[in-house]
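Engineer: Supplied in structure tokens, the structure appears directly below.
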Amino acid sequence: MGADSICIKDMAGLLIPYEAERLVRAIKEETSIPLEMHTHYTSGVASMTYLKSIEAGADYIDTAISPFALGTSQPATEVLVKTLEGTPYDTGLDINLLSEIADYFLPIREKYLKNGRMNPKVLGVDIKTLLYQVPGGMLSNLVSQLKDAHAEDRYYDVLAEIPNVRKDLGEPPLVTPSSQIVGTQAVLNVLQGERYKMITKETKKVLHGDFGRTVKPFNPEIQKKAIGDEEPITCRPADLLEPALDKYREEVKNYMQQEEDILSYALFPQVAMDFFKYRDAQQKKVDETVADKETKSYPV
């Protein structure tokens, strides 16, 4: 279909070794384009998953240098390099140089642990990840939210609530942005002491159908509580939008240098326009922000 590569992104660390082997082998039997495996160490199986993936034909794996590895991050680079040394999968990377890199970053890790930027809670292995199916980035956000609310002791209560919220919302995939929507709602459900006492606007959008159809139906009781008598969207949400490309093209015509400029403006109008003006000033050596447009004068 024109893809240059395929990446299996296991953001929650749920892909167990032999399942990974079967998946990689099946994909490699059908296509010769490069295949990358990406997983996190949250559940403790990531290194084994990588090894079985490599043996099955994966071309790339994602790792992290040891001070920033494990937990909600990736397996350690040095460990995988040493494991594959002297095998047909030898990376050729110098373990001594990798050790120097690790030594450089170790004090930074210690600093962030000390000042709280890194939380020890997300650096370990939690086998319950396989039960709750929560991605690493989502866990980090949960810990941060609970810390801000001085409720870190409710961590496991929130983990237990996540599958319930996900089920109510039609079991969306736990990847940005739906992972953060589900996670934030689970935190509120636990901290408020009553499920859906407070419903975020993003949760309401999911239940209204603004993000499209989910794998399974919404919980009708929760949907009613969230959107009341509003008519939910049951079609493809984008079909309800007015065509706007020509409008954006007209608004940005004075600054447009490439087709991507229209898309940038459509997505981030203020940021894009500021950038266009800056780019224009650099190229023409005329800064509109200091020009007097009324008198049509410019300082020299």
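The values are calculated or read from the model by the stated rules, or taken from the named source; none is laboratory data. Given the structure is predicted, the values throughout are model-derived calculations rather than measurements. We place every Cβ from the backbone using ideal geometry, glycine too, and count neighbours over all the protein chains shown. Calculation scope for accessible area: heavy atoms of the full protein, side chains included, ligands and nucleic acids excluded. Shrake-Rupley method; radii C 1.70, N 1.55, O 1.52, S 1.80 Å.
Engineer: Being closer than 24 Å to residue 195 by Cβ and touching a Lys or Arg at 6+ places or on another chain (Cβ under 8 Å) narrows it down to one residue among 222, 227, 262; which is it?
Structural biologist: One residue alone meets the criteria, 227.
Engineer: Could you please find all residues in the range 95-140 being open to solvent by less than 80 Å² (accessible area, probe 1.4 Å), under 22 Å from residue 175 (Cβ atoms) and in a helix (DSSP H, G or I)?
Structural biologist: Once the filter is applied, which keeps residues that are open to solvent by less than 80 Å² (accessible area, probe 1.4 Å), under 22 Å from residue 175 (Cβ atoms) and in a helix (DSSP H, G or I), the range 95-140 yields 122, 129, 130, 132, 136, 137, 138, 139, 140.
Engineer: For residue 124, which of the numbered conditions (1) under 17 Å from residue 14 (Cα atoms); (2) small (Gly, Ala, Ser); (3) touching an Asp or Glu at 6+ places or on another chain (Cβ under 6 Å) fails to hold?
Structural biologist: Of (1) under 17 Å from residue 14 (Cα atoms); (2) small (Gly, Ala, Ser); (3) touching an Asp or Glu at 6+ places or on another chain (Cβ under 6 Å), only one is false for residue 124: (3).
Engineer: Could you say whether any residue in the range 166-176 is more than 29 Å from residue 54 (Cα to Cα), surrounded by fewer than 19 Cβ atoms within 10 Å (Cβ to Cβ) and of a type in the set (A, V, I, L, M, F, W, C)?
Structural biologist: No, the conditions are met nowhere in the range 166-176.
Engineer: Mind checking which residues of the range 7-34 are hydrophobic (A, V, I, L, M, F, W, C) and out of contact with any Ser or Thr (no Cβ under 7 Å at 6 or more places or on another chain)?
Structural biologist: Residues satisfying the conditions are 7, 8, 11, 23, 26, 27.
Engineer: Give the residue, chosen from 89, 60, that is surrounded by fewer than 17 Cβ atoms within 10 Å (Cβ to Cβ), more than 21 Å from residue 122 (Cβ to Cβ) and within 21 Å of the chain's Cα centre (by Cα).
Structural biologist: The match here is 60.
Engineer: On the basis of being of a type outside the set (S, T, N, Q) and either exposed (fewer than 13 other Cβ atoms within 10 Å of the Cβ) or within 24 Å of residue 152 (Cα to Cα) (or both), does residue 197 make the cut?
Structural biologist: yes
Engineer: Which residue is surrounded by the fewest Cβ atoms within 10 Å (Cβ to Cβ), if the candidates are limited to the range 141-153 and must be under 20 Å from the mean Cα position of the chain (by Cα) and modelled with pLDDT of 80 or more?
Structural biologist: Only one residue tops the list, namely 144.
Engineer: I've got another one for you. Of the residues 272, 226, 291, only one is at pLDDT below 90 and surrounded by 13 or more Cβ atoms within 10 Å (Cβ to Cβ); which?
Structural biologist: Exactly one of 272, 226, 291 is at pLDDT below 90 and surrounded by 13 or more Cβ atoms within 10 Å (Cβ to Cβ), namely 291.
Engineer: Can you name the residue in the range 15-48 that is open to solvent by less than 50 Å² (accessible area, probe 1.4 Å) and among the hydroxyl-bearing types (Ser, Thr, Tyr) and, of all such residues, is nearest to residue 143 (Cα to Cα)?
Structural biologist: My answer is 42.
Engineer: Conditions: (1) crowded, with 18+ Cβ neighbours inside 10 Å; (2) more than 24 Å from residue 179 (Cα to Cα). Residue 3 meets all but one. Number of the miss?
Structural biologist: It fails just one condition, (1).
Engineer: Is it the case that residue 271 is among the hydrophobic types (A, V, I, L, M, F, W, C) and part of a loop (DSSP other than H, G, I, E, B)?
Structural biologist: no
Engineer: Here is a further query. For the range 229-257, how many residues meet the condition of being surrounded by 10 or more Cβ atoms within 10 Å (Cβ to Cβ), part of a loop (DSSP other than H, G, I, E, B), in contact (Cβ under 8 Å) with a residue 24 or more places away in the chain and not basic (Lys, Arg)?
Structural biologist: Going through the range 229-257 one residue at a time, the tally reaches 4.
Engineer: Looking at (1) in contact (Cβ under 8 Å) with a residue 60 or more places away in the chain; (2) surrounded by fewer than 18 Cβ atoms within 10 Å (Cβ to Cβ); (3) among the hydroxyl-bearing types (Ser, Thr, Tyr), which is the one condition that is false for residue 156?
Structural biologist: (1)
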